[in-house]
1. Tell me, Ser35, Ser197, Ser50 in order of fewest to most beta-carbon neighbours within 10 Å?
2. For Thr183, what charge total do you get from the other residues with a beta carbon under 12 Å from its beta carbon, if Lys and Arg give +1 and Asp and Glu give -1?
3. State, as an integer percentage, the relative contact order of segment 149-189 based on alpha-carbon contacts under 8 Å between residues 6 or more apart.
4. Going down the list Lys154/Lys174; Lys8/Lys154; Lys154/Lys182; Lys69/Lys174; Lys4/Lys154, which pairs span over 23 Å between their C-alpha atoms?
5. Fewest to most neighbouring Cβ within 10 Å: what's the order for Val87, Val24?
6. Could you check the spin-label model distance between Arg181 and Asp201? Points 7 Å from the Cα along Cα→Cβ, value in nm.
7. Would you kindly state how much longer the chain becomes between Leu93 and Asn170 on full extension, computed as 0.36 nm times their sequence separation minus their alpha carbon distance, in nm to one decimal?
8. Quote to one decimal, in nm, the extra length available between Cys160 and Ile214 on full extension: 0.36 nm per residue of separation minus the C-alpha distance between them.
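Each value in this text was obtained by applying a stated rule to the coordinates, not by laboratory testing. In this text, all values refer to a predicted model and were calculated from it rather than measured experimentally. Every residue, glycine as well, gets a Cβ built from its backbone with ideal geometry; the counts of neighbours run over all protein chains shown.
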Amino acid sequence: MNSKWIIKLFVYTAGGILLFAALVRFATAAGDAQSLAIPEPMLGIPLRYSVLLVGGIELAVACVCLFGKQVGLQAVCLAWLSTDFIVYRVALLLMHCHPQGTCLGSLTDPFRLAGGTTGLTIEFMPYYLVLGSYAAATWLFLSGIMSRPPAFMKMFCPGCGGKIQFASQNLGRKIPCPLCRKTITLVRPGLLKMSCSFCNDHIEFPPHAIGQKISCPHCNMAVILKETA
């Protein structure tokens, strides 16, 4: 299993954890505990609304992790949420407020999971998200996946002649043609050649430019790029 697949596995598990946490917060906010009316120390709003706000943010990030396609964006969202978690906890400690008991209440009470091994596991989960998200974001940045956009290439299917666009890192892979379903190998496209209909000089161009109208680089007349027989 390569590093990218490990990161994807972390992203999916983090999404599941955040989805569960959001549901727990929604269930807690729907309760009738008197502590939910106490103002939250940082925001100054009733604890019920702050729990709903945090649950909504966690649900949004969970959806990005579970249904998103860009692993870089998923890692950034998790790192951002983890950073908020760290800043919030540090701020509460500076205010001499215990983060779990005093400010957030027992968020696992609706499911009676506060004690035992399950409770300890749930308490460890935020730190799992912090360490995992920072490690994933750092690896993606150093490997260049987040710092450069993917390059795309185009080629013609040798079976049906249809245009196929693919990411450059997939060069050499065998895939079914999305048009005719014939198995093809993704290769670097070569340049096509045609003769200018005005000056007869050769014009070279990439295959995906077929059909485009350009000025001949030799005589400056307008020509349409086409594939020669």
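1. Values: Ser35 15, Ser197 12, Ser50 21.
By the 10 Å Cβ count, ascending, the order reads Ser197, Ser35, Ser50.
2. On the way: positive: Arg173, Lys174, Arg181, Lys182; negative: none.
Charge balance in the 12 Å sphere: +4.
3. Details: 65 pairs, mean separation 15.4, N = 41.
After rounding, I find 37 percent.
4. Values: Lys154/Lys174 15 Å; Lys8/Lys154 27 Å; Lys154/Lys182 17 Å; Lys69/Lys174 21 Å; Lys4/Lys154 25 Å.
Checking Cα-Cα distances, Lys8/Lys154; Lys4/Lys154 exceed 23 Å.
5. Details: Val87 11, Val24 20.
Lowest to highest Cβ neighbour count: Val87, Val24.
6. Rounded to a tenth, the inter-label distance reads 4.8 nm.
7. Numbers: separation 77, 0.36 × 77 = 27.72 nm, distance 4.89 nm.
The Leu93-Asn170 span can extend by a further 22.8 nm.
8. Numbers: separation 54, 0.36 × 54 = 19.44 nm, distance 2.63 nm.
Here the answer is 16.8 nm.
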